[in-house]
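Each remark here refers to the structure printed beneath this line.
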Amino acid sequence: MANILVLNGPNLNLLGSREPGQYGHRTLEEIMEDVERFAGACGHELQHVQENSEGVLVEAVHKAANDNVDYIIFNPAAYTHTSVALRDALLAVRIPFIEVHLSAVAAREPFRQVSYFSDIAMGVIQGFRGESYMLAMQAIINQIEPQ
Ligand code: DQA
C-alpha cells in the first residue's frame, strides 16, 4: 500500500465556476472524490490538501515527509511559475511527485510556459482538465505495480 498526497495550490478551490473554458466544469471536490475512489480500489491511501498560500503549501510538503508520504500529485497552480520556495521544499523532502495541470499550460501565455517543477518531477501531465489527476494516479500505480 502506498501513501499518496494530492496537493493543490491557489484558486483551485474555485474549480467549477473558475474559467470553465480552461479548467472544466467540475468542482475540486468532485474531481478528488473520483481520484480517492480510484486509489482506494487499488489499495492505496490518499489524502488531499488545497491551500491558497505559499507558506502553508511549503509546510504541507514538510508534513508529507513526516507522514511518510510515498508520492505527491502536485498542482502548484500559479506558484508553478514563481515558487523557488516550493521547489526547494520538494528537493528537501525528496518525495517523488507528478506535476499536474488541468489546462494545457504549454499552449497558454508565455509566463505559464515556465515551470519551477517540471525538471525535478517524475513527469508532467497537463491539458486533460480533471482527468489529469486520474492519469497521474494511474502513472503512480504503474510505478508501484509494473506490468
Ligand atoms: C493551472 C495552470 C496555472 O497556470 C494556473 O495559474 C492555475 C491552474 C492548471 O491546472 O491548469 O491556477 O495549474
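The values are calculated or read from the model by the stated rules, or taken from the named source; none is laboratory data. What you see is a predicted model, and the numbers here were worked out from it, not measured in a lab. Because the Cβ atoms are built from the backbone with ideal geometry, glycine has one as well, and the counts that use them run over all protein chains shown. Accessible surface areas use protein heavy atoms only, side chains included; no ligands, DNA or RNA. Shrake-Rupley method; radii C 1.70, N 1.55, O 1.52, S 1.80 Å.
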For the structure I just gave you, tell me whether Asn52 is away from the ligand (no atom under 16 Å from the Cβ) and in a loop (DSSP other than H, G, I, E, B). no
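Results for (1) more than 20 Å from Pro96 (Cβ to Cβ); (2) open to solvent by less than 20 Å² (accessible area, probe 1.4 Å), shown as yes or no for each residue.
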| site | (1), (2) |
| --- | --- |
| Leu5 | no, yes |
| Arg18 | yes, no |
| Met32 | yes, yes |
| Cys42 | no, no |
| Ala64 | no, yes |
| Asn68 | no, no |
| Ile72 | no, yes |
Return the pairs, sorted by first residue and then second, in which the second residue is open to solvent by 50 Å² or more (accessible area, probe 1.4 Å) and near the ligand (Cβ under 10 Å from one of its atoms), the first residue lies in region 69-82 and is aliphatic (A, V, I, L, M), the beta carbons are less than 8 Å apart, and the residues are 6+ apart or on different chains. Ala77/Asn11; Ala78/Asn11
Within region 25-49, can you find the residues that are away from the ligand (no atom under 16 Å from the Cβ), touching a strand residue (DSSP E or B) at 6+ places or on another chain (Cβ under 6 Å), in contact (Cβ under 8 Å) with a residue 40 or more places away in the chain and part of a helix (DSSP H, G or I)? Ala39
Under 20 Å from Ser118 (Cα atoms) and of a type in the set (Gly, Ala, Ser), is that true of Ala2? no
